[in-house]
Amino acid sequence: MHGILVIAAVLVLTAGLVIGAAAVTTGWLLPGRGRAKVARPRVWGYGTLIGQAGIGTFLFVGPLHGPSMEHVPYAMAGMVVFALGLYVQRLAMRTSS
């Protein structure tokens, strides 16, 4: 079961990295209703990349690493980085003033 979870995590993180990199380099976003809310797609892409780094750190240092408690501070730091990525994505939805 652990192997399946690792593969699923890698696939989701890879998809997020590809989408974030596409937004940063070309300004392209996935089609859908939420696309209209994003005023600055490149900033949104940076937020996505930051969030992927944070959630990847959390997953692979925390729950997918094992039951050891010695890496909990690093896993929580990954969650803080993930929240920072969400904040950057939120900023991308504001129009420049």
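The values are calculated or read from the model by the stated rules, or taken from the named source; none is laboratory data. Predicted, not measured: the structure shown is a model, and the values here were computed from it. Note that each Cβ is placed from the backbone with ideal geometry, even for glycine, and that neighbours are counted across all protein chains shown. Areas reflect the complete protein model, heavy atoms only, side chains present, ligands, DNA and RNA absent. Shrake-Rupley method; radii C 1.70, N 1.55, O 1.52, S 1.80 Å.
Restricting the first member to the stretch 37-49 and to residues that are under 16 Å from G16 (Cβ atoms) and without any contact (Cβ under 8 Å) to a residue 40 or more places away in the chain, and the second to residues that are surrounded by fewer than 17 Cβ atoms within 10 Å (Cβ to Cβ) and among the charged types (D, E, K, R), no beta-carbon pair is closer than 6 Å while six or more apart or on different chains. Scanning the stretch 53-77 for residues that are without any contact (Cβ under 8 Å) to a residue 40 or more places away in the chain, open to solvent by 50 Å² or more (accessible area, probe 1.4 Å) and among the aromatic types (F, W, Y) turns up just one, Y74. Among the residues making up the stretch 57-77, those that are outside any helix (DSSP H, G or I) and of a type in the set (A, V, I, L, M, F, W, C) are L64, M69.
Here the condition is being touching a residue at least 24 places away in the same chain (Cβ under 8 Å), surrounded by 15 or more Cβ atoms within 10 Å (Cβ to Cβ) and either in a helix (DSSP H, G or I) or of a type in the set (S, T, N, Q) (or both); of V80, V88, it holds for V88 alone. The residue list G54, G34 contains one member that is in a helix (DSSP H, G or I), more than 15 Å from the chain's Cα centre (by Cα) and closer than 15 Å to L86 by Cα, which is G34.
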